[in-house]
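A.B. asks: Before I ask anything, here is the structure I am working with.
The values are calculated or read from the model by the stated rules, or taken from the named source; none is laboratory data. What you are looking at is a predicted structure, and each value in this text was computed from that prediction instead of being measured. Cβ coordinates were reconstructed from backbone atoms using ideal geometry, including for glycine residues, and neighbour counts include every protein chain displayed. These area figures cover heavy atoms from the full protein model, side chains too; ligands, DNA and RNA do not enter into them. Shrake-Rupley method; radii C 1.70, N 1.55, O 1.52, S 1.80 Å.
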Amino acid sequence: MRHRHSVKVGPVGFRIGSAWRGPVAALHSLYADYPTPEDDIPDLTVRLYPERPWRRWLRPSVAISGDYWLPDAAPLPLAQGLLAAEMGMNLQVALGWRRHLLLHCSAVERDGRVLLMSGASGSGKSTLATLLALAGWRFLGDEFAFVSLDDGSVYPFPRAASLKNEAVAAVRAAGGVVGPVLEDTPKGRIGYWRPPAHAIARMAEAAPPRLLLFPRFGAPESVEAMAPSEAFVRLTQASTNYVALGQAGFSALTRLVQTVPALAIGYPDSATGLAMVDRLWGEA
């Protein structure tokens, strides 16, 4: 493609090609401190292109493809080209990665152990992970947790955190720098928070999991222990490659739920959520 950017996030090397300069320039700025793939050979490729030649100039819209694609994915306006690139990176990982068990989780680390948080969009997991990182935890990622098929360790995937709607203000209020911010996307207002330099420098360092939380933002404060069987079922639904991995995926997920306590928590606001995490981490 005419414009391209290569970046390595955690174990994954990406090459993003675009028919327009704008999305690639935005990626270059957002991922300025990240390394490039070894020997410039990517693991996964993203393409941003116009569905029709004239849509490159006339009401330009960005379609997403690459090594893997979804045929019914709707294109985005060029003003949201950065979001298209980020969605493309996530799509390639979700559909093509087989070296780890992928869980749709946010992850942070403290004292050499990992806190995993899983939940649907709006549950607050990305906001909590970002706020915990601002409070001194090591940020491992807000989109995917890469669980080792060999020993269950969690490998970082610290791409820029994608914060939605009210989370942008919450992170800024805690002292975080959020930008760029995209308005009127299919997911509402989206702002990007770039992890600190130490999280990027240590993104090859895995750590074992210590606690698994299923948060629910906007609910009354509550903590409920979750049986391993229920955690197993929820995480199969939160994994994009569990079925494709077969026995290796089953073994990795079984080990995780049998060795790591799982809790469902409700919290009405971010301050309460952070206090609950600190308390539960100490009790784990």
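A.B. asks: Give me the Kirkwood hydrodynamic radius of the range 180-249, using the inverse of the mean 1/r over all pairs of distinct Cα atoms, in Å to one decimal.
C.D. replies: 16.6
A.B. asks: Please label the shape of the range 4-149 as rounded, prolate or oblate, based on the square roots a ≥ b ≥ c of the eigenvalues of the alpha-carbon gyration tensor (a/c under 1.5 means rounded; beyond that, a/b larger than b/c means prolate, else oblate). Before the final figure, lay out each step's value.
C.D. replies: Values: a/c = 1.89, a/b = 1.74, b/c = 1.09.
The shape class here is prolate.
A.B. asks: Grab the alpha carbons of the chain, take their convex hull, and tell me the volume per residue in Å³.
C.D. replies: 123
A.B. asks: Let me ask something else. Taking every alpha carbon pair in the range 109-237, what does the distance histogram look like in 5 angstrom bins from 0, in percent?
C.D. replies: Histogramming the range 109-237 at 5 Å steps yields 2, 10, 19, 23, 20, 15, 9, 3, 0 percent.
A.B. asks: Solvent-accessible area per residue for the range 217-267 at a 1.4 Å probe radius, Å²?
C.D. replies: Numbers: 2630 Å² over 51 residues.
Per residue, the range 217-267 has an accessible area of 52 Å².
A.B. asks: Out of the range 182-261, which trypsin sites (Lys or Arg not before Pro) are coil in DSSP terms and have no more than 12 other C-beta atoms within 10 Å?
C.D. replies: Values: sites: Lys187, Arg189, Arg202, Arg210, Arg216, Arg234, Arg255; in loops: Lys187, Arg202.
Passing both the DSSP loop test and the Cβ count: no residue.
A.B. asks: Can you give me the distance in nm between label points at Leu58 and Ala169, each placed 7 Å from the Cα along the Cα-to-Cβ direction?
C.D. replies: With each label placed 7 Å out from Cα toward Cβ, I get 4.2 nm.
A.B. asks: Can you tell me the FRET efficiency between Thr185 and Leu95 if r is taken as the Cβ-Cβ distance and R0 is 30 Å, rounded to the nearest 0.05?
C.D. replies: Numbers: r = 22 Å, r/R0 = 0.72.
Given R0 = 30 Å and the Cβ-Cβ separation, E is 0.90.
A.B. asks: Under 17 Å between alpha carbons, and skipping anything fewer than 8 positions from Lys164 in its own chain: which lysines qualify?
C.D. replies: Output for Lys164: Lys125, Lys187.
A.B. asks: What order do Met87, Met226, Met1 take when sorted by accessible area (1.4 Å probe), most exposed first?
C.D. replies: Met1, Met87, Met226
A.B. asks: So, taking all protein chains as they sit and a 1.4 Å probe, how much accessible area belongs to Glu221, in Å² rounded to tens?
C.D. replies: 110
A.B. asks: At 0.36 nm per residue, minus the direct Cα-Cα distance, what do Ser222 and Ala25 gain on full extension? Give it in nm, one decimal, please.
C.D. replies: Length gained, Ser222 through Ala25: 66.5 nm.
A.B. asks: I would also like to ask the following. Pull out the extension gain between Glu230 and Asp67, defined as 0.36 nm times the separation in residues minus the alpha carbon to alpha carbon distance; nm, one decimal.
C.D. replies: 55.3 nm
A.B. asks: Which aspartates and glutamates, if any, have their Cα less than 17 Å from the Cα of Lys8, not counting same-chain residues under 8 positions apart?
C.D. replies: Asp33, Glu38, Asp39, Asp40, Asp43, Asp67, Glu86, Asp142, Glu143, Glu205
A.B. asks: A follow-up question, please. Subtract the Cα-Cα distance of Ala284 and Ala204 from 0.36 nm times their separation in residues, and report this length gain in nm to one decimal. Kindly include the intermediate steps, with their values, before the conclusion.
C.D. replies: Values: separation 80, 0.36 × 80 = 28.80 nm, distance 2.54 nm.
Taking Ala284 through Ala204 to full extension adds about 26.3 nm, to one decimal.
A.B. asks: Work out from phi, with θ = phi - 60° and the Karplus expression 6.51 cos²θ - 1.76 cosθ + 1.60, the ³J(HN,Hα) of each residue of the range 104-121, listed in order in whole Hz, and give x for Gly and Pro.
C.D. replies: 6, 9, 8, 8, 9, 10, 8, 6, x, 10, 10, 9, 9, 10, 10, x, 5, 4
A.B. asks: Could you check what % of the DSSP bridge pairs in the chain are antiparallel, to the nearest 5?
C.D. replies: Among the beta bridges of the chain, antiparallel pairing accounts for roughly 75 percent.
A.B. asks: Treat each spin label as a single point 7 Å out from the Cα along the C-beta direction, and report the Leu134 to Met1 distance in nm.
C.D. replies: Computed distance between label sites Leu134 and Met1 equals 3.2 nm.
A.B. asks: Now for a different question. Is the range 207-284 best put as rounded, prolate or oblate by its Cα gyration tensor, with a ≥ b ≥ c the root eigenvalues, rounded for a/c under 1.5, and otherwise prolate when a/b is larger than b/c, oblate when not?
C.D. replies: prolate
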